[in-house]
Amino acid sequence: MKKKLILVVEDDPVVRELTKRQLKLLGFDSVAVGSGEEAVEKAQGGFALIFMDIGLPGINGEHATLLIREKELYQQRKRTPIVALTAHSDRERCKFAGMDDYLQKPALLQDIRGILEKWVQPENGDNGC
């Protein structure tokens, strides 16, 4: 069965690699990018969830989320859950930007599992975890 794909948007290469490894342990494939611009470009559908860092260079995570939401509306695509993965921002700012949830860094494996169980719908009885 094909694994669900997660987009990881994180500018710190260590955190990016750690998140990818955690997702692999939980049975998910992932694609990682290091900027908000890349996130907007990649987020064309096909992802089960997006983990979005807030403090990105260039277009920050909040702005990237707003652009992704705008594209989803314009293209009439299904809304992809976007979860803030950040150490500094607050929940209200993330919700205002169109994010669905919030996870504080450094994210523990059980926290990531909980987010995935909450937001990623199982296919054919398999939830990927």
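Overview of results
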| read-out | value |
| --- | --- |
| The stretch 11-28 - phi-based ³J(HN,Hα) in whole Hz, Karplus 6.51/-1.76/1.60, Gly and Pro as x | 7, 7, x, 6, 5, 4, 5, 4, 5, 4, 5, 4, 4, 4, 4, 8, x, 10 |
| Relative contact order for the chain, counting Cα pairs under 8 Å that sit 6 or more residues apart, in percent | 23 percent |
| MRE, 222 nm, helices only [DSSP H, n ≥ 4, -39500 (n - 2.57), over the chain, to nearest 500] | -11500 deg cm²/dmol |
| In nm, spacing of pseudo-spin labels at Leu25 and Lys118 (7 Å Cα→C-beta vector) | 2.0 nm |
| Cα-based reach from Lys78 at 20 Å (exclusive), listing lysines while leaving out same-chain residues under 8 positions away | Lys2, Lys3, Lys4, Lys42, Lys95, Lys118 |
| Within the accessible area of the stretch 32-120 (1.4 Å probe), percent carbon and sulfur | 53 percent |
| Probe 1.4 Å, accessible area per residue of the chain, Å² | 55 Å² |
| Calculated volume of the Cα convex hull per residue in Å³ (choose from [x] 119; [y] 147; [z] 94), label | [z] |
| Proximal lysines to Lys105, defined as alpha-carbon separation beneath 16 angstrom and excluding residues fewer than eight positions away on the same chain | Lys20 |
| Check: the stretch 77-124 dipole with +1 on Lys, Arg Cβ and -1 on Asp, Glu Cβ, in debye | 180 debye |
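The values are calculated or read from the model by the stated rules, or taken from the named source; none is laboratory data. Bear in mind the structure is a predicted one, so any value in this text is a computation, not a measurement. Using ideal geometry, Cβ is built from the backbone for each residue, glycine included, and neighbour counts are taken over all protein chains shown. Areas reflect the complete protein model, heavy atoms only, side chains present, ligands, DNA and RNA absent. Shrake-Rupley method; radii C 1.70, N 1.55, O 1.52, S 1.80 Å.
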